[in-house]
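A.B. asks: Provided herewith is a single structure, encoded as structure tokens, for subsequent inquiry.
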Amino acid sequence: MATNQTYRIGIIGCGGMGRSHSRSWQKQPNTKIVAAMDIYEESAKRVADEFDVPATYTDVDEMLAKEDLDIVSITTWQGPRSEATVAAAKAGVKGIMGEKPMSASLGQADNMLAACEENDVKLVIGHQRRYSPANLEIRRLVAAGAIGAPTTLHHRGKAHAGLLNTGTHAIDSWRFQLSDPETLWVVGTTSRTTDRWERRTICEDLCMGLVCFEGGARAIYEGDLPDPPVSMPVIAGTEGQIRNGDNGTVLLQNGDAKGWQTITPPPEPKNQFQELIEWIEGKIPTHRGRGEQARYTIEIMMAIYESLRIKNVVNMPLETKELPLELMVNDGTLPVLEEGKYDLRTPFEGQTRKR
């Protein structure tokens, strides 16, 4: 494929992330945003005005039919993302840049991957922490044996945000830091006594998960668990531990030196948008944020919910394709005890409760 072509970009979903993707595409030397779509016309027009986009739409299928697009960014909420991805893949685009979380269920993620494979479309999900110099340095140190065999990882999610929202970056980062191992099993628990939603997807009040990766490393996820919080290393091993330092540095403690070593990672010259174009052009064999990697993250988050549903450890691969949290709400396993439907991100009409 010629490398001097200009790629025609379409934006699907013109909220905050749509504007963020538009800024990133605008910075690429060989791309032009030619269409913006949102179900709210004013949102599409706002992106069009800000980024000098010639065409706006309120219907995905109309945009895909009328515009000869090479790449689309799908920055909708997670609920409709799968349907939009399948439509774009069938419409003949070369690449899709989706946002996180990949979808609202494992079945939706599988539909996205299948459509892209059938139509030879490169699918990337925006786990940009794979381009973080600190994460790249941690991955390198772990692979080099700087902390021996990895044993534990830990993440305490941002308060009042929900697993699908905050867990996706944390869990993807765990896998990246460990050089993307397979997942062996997951055990977790979830509580939902309020009618809580996040971007129109059913959301838990709190959850925790213990994830076992290939090789035995355990990762702990805490979501809205009670205080007090505890300080934990980013990753620990049989011979040392790694923490995040100030200003993007990495702190390493192992047998090679007394105390903590402060490491300043080298800058990472690439970003995920540039790498997608290189992948489309065949300059690189794959993309570090490809859809298959994002599916692992969705599978782990769904397994945290599924563990409560089956009241047991979830051995991978996960078979349940629906959102287990929704299944438990619908069958009465998790009844609403405090009335008042509320969304953490975008309030429902008439919503009074915030969290």
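The values are calculated or read from the model by the stated rules, or taken from the named source; none is laboratory data. Please read all numbers here as calculations on a predicted model, not as lab measurements. Counting neighbours? That spans all protein chains shown, and the Cβs are built from the backbone with ideal geometry, glycine included.
A.B. asks: May I ask you to verify whether Pro347 is free of Cβ contacts under 8 Å to residues at least 12 places away in the same chain, outside any helix (DSSP H, G or I) and either among the aromatic types (Phe, Trp, Tyr) or in contact with a Lys or Arg (Cβ under 9 Å, 6 or more places away or on another chain) (or both)?
C.D. replies: So Pro347 fits the description; yes.
A.B. asks: Say whether the condition of being surrounded by 20 or more Cβ atoms within 10 Å (Cβ to Cβ) and either closer than 26 Å to Ser179 by Cα or of a type outside the set (A, V, I, L, M, F, W, C) (or both) is met by at least one residue in segment 332-343.
C.D. replies: Taking every residue of segment 332-343 in turn, none turns out to be surrounded by 20 or more Cβ atoms within 10 Å (Cβ to Cβ) and either closer than 26 Å to Ser179 by Cα or of a type outside the set (A, V, I, L, M, F, W, C) (or both).
A.B. asks: Then there's this: Suppose we keep only residues that are under 18 Å from Arg129 (Cβ atoms) and touching a residue at least 12 places away in the same chain (Cβ under 8 Å) within segment 143-161. Which one would you say is surrounded by the fewest Cβ atoms within 10 Å (Cβ to Cβ)?
C.D. replies: Ala143
Residue by residue, here is whether (1) surrounded by fewer than 21 Cβ atoms within 10 Å (Cβ to Cβ); (2) of a type in the set (A, V, I, L, M, F, W, C); (3) not assigned by TED's automatic domain parsing to the domain that holds Gly162 holds:
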{"position": "Gly92", "(1), (2), (3)": "yes, no, yes"}
{"position": "Gly95", "(1), (2), (3)": "no, no, yes"}
{"position": "Pro101", "(1), (2), (3)": "no, no, yes"}
{"position": "Ala104", "(1), (2), (3)": "no, yes, yes"}
{"position": "Gln108", "(1), (2), (3)": "no, no, yes"}
{"position": "Asn111", "(1), (2), (3)": "yes, no, yes"}
{"position": "Ala115", "(1), (2), (3)": "yes, yes, yes"}
{"position": "Val121", "(1), (2), (3)": "no, yes, yes"}
{"position": "Leu141", "(1), (2), (3)": "no, yes, no"}
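A.B. asks: Ok, one more. Can you say whether Thr58 is closer than 30 Å to Ile300 by Cβ and among the hydroxyl-bearing types (Ser, Thr, Tyr), as far as the supplied structure shows?
C.D. replies: For Thr58, the condition - closer than 30 Å to Ile300 by Cβ and among the hydroxyl-bearing types (Ser, Thr, Tyr) - is not met.
A.B. asks: Ok, one more. Return the residues of segment 303-344 that are assigned to a loop (DSSP other than H, G, I, E, B) and among the β-branched types (Val, Ile, Thr); say none if nothing qualifies.
C.D. replies: Answer for segment 303-344, where residues must be assigned to a loop (DSSP other than H, G, I, E, B) and among the β-branched types (Val, Ile, Thr): Val313, Thr320, Thr333, Val336.
A.B. asks: Could you figure out which of (1) within 21 Å of the chain's Cα centre (by Cα); (2) surrounded by fewer than 18 Cβ atoms within 10 Å (Cβ to Cβ); (3) free of Cβ contacts under 8 Å to residues at least 24 places away in the same chain; (4) more than 25 Å from Val142 (Cβ to Cβ) isn't true of Thr286?
C.D. replies: The number of the failed condition is (4).
A.B. asks: Based on what the data block shows, is Ser24 closer than 18 Å to Trp279 by Cα and surrounded by 14 or more Cβ atoms within 10 Å (Cβ to Cβ)?
C.D. replies: Yes, satisfied.
A.B. asks: In this structure, does Ile304 turn out to be aliphatic (A, V, I, L, M), within 19 Å of Asp172 (Cβ to Cβ) and buried (at least 19 other Cβ atoms within 10 Å of the Cβ)?
C.D. replies: For Ile304, the condition - aliphatic (A, V, I, L, M), within 19 Å of Asp172 (Cβ to Cβ) and buried (at least 19 other Cβ atoms within 10 Å of the Cβ) - is met.
A.B. asks: What are the residues in segment 184-209 that are hydroxyl-bearing (Ser, Thr, Tyr) and under 17 Å from the mean Cα position of the chain (by Cα), if any?
C.D. replies: Listed by number, the list holds a single entry, Thr201.
A.B. asks: Name the strands (runs of 3 or more DSSP E) wholly inside segment 1-107 in which the number of residues that are within 21 Å of the chain's Cα centre (by Cα) is 1 or more.
C.D. replies: Qualifying strands (runs of 3 or more DSSP E): 7-12, 71-74, 95-98.
A.B. asks: Would you please list the contacts, defined by Cβ atoms under 9 Å and residues six or more apart or on different chains, that run from a residue in segment 113-142 that is free of Cβ contacts under 8 Å to residues at least 12 places away in the same chain and farther than 13 Å from Ile242 by Cβ to a residue that is surrounded by fewer than 21 Cβ atoms within 10 Å (Cβ to Cβ) and not aliphatic (A, V, I, L, M)?
C.D. replies: As it stands, the answer is Asp120/Lys94, since those pairs meet every condition given.
A.B. asks: Considering (1) loosely packed, with under 14 Cβ neighbours inside 10 Å; (2) at negative phi, say which one Gln272 fails and leave the rest.
C.D. replies: In the conditions (1) loosely packed, with under 14 Cβ neighbours inside 10 Å; (2) at negative phi, Gln272 misses (1) alone.
A.B. asks: Now for a different question. Could we say that Leu337 is in contact with a Leu (Cβ under 9 Å, 6 or more places away or on another chain) and not assigned by TED's automatic domain parsing to the domain that holds Asp70 here?
C.D. replies: no
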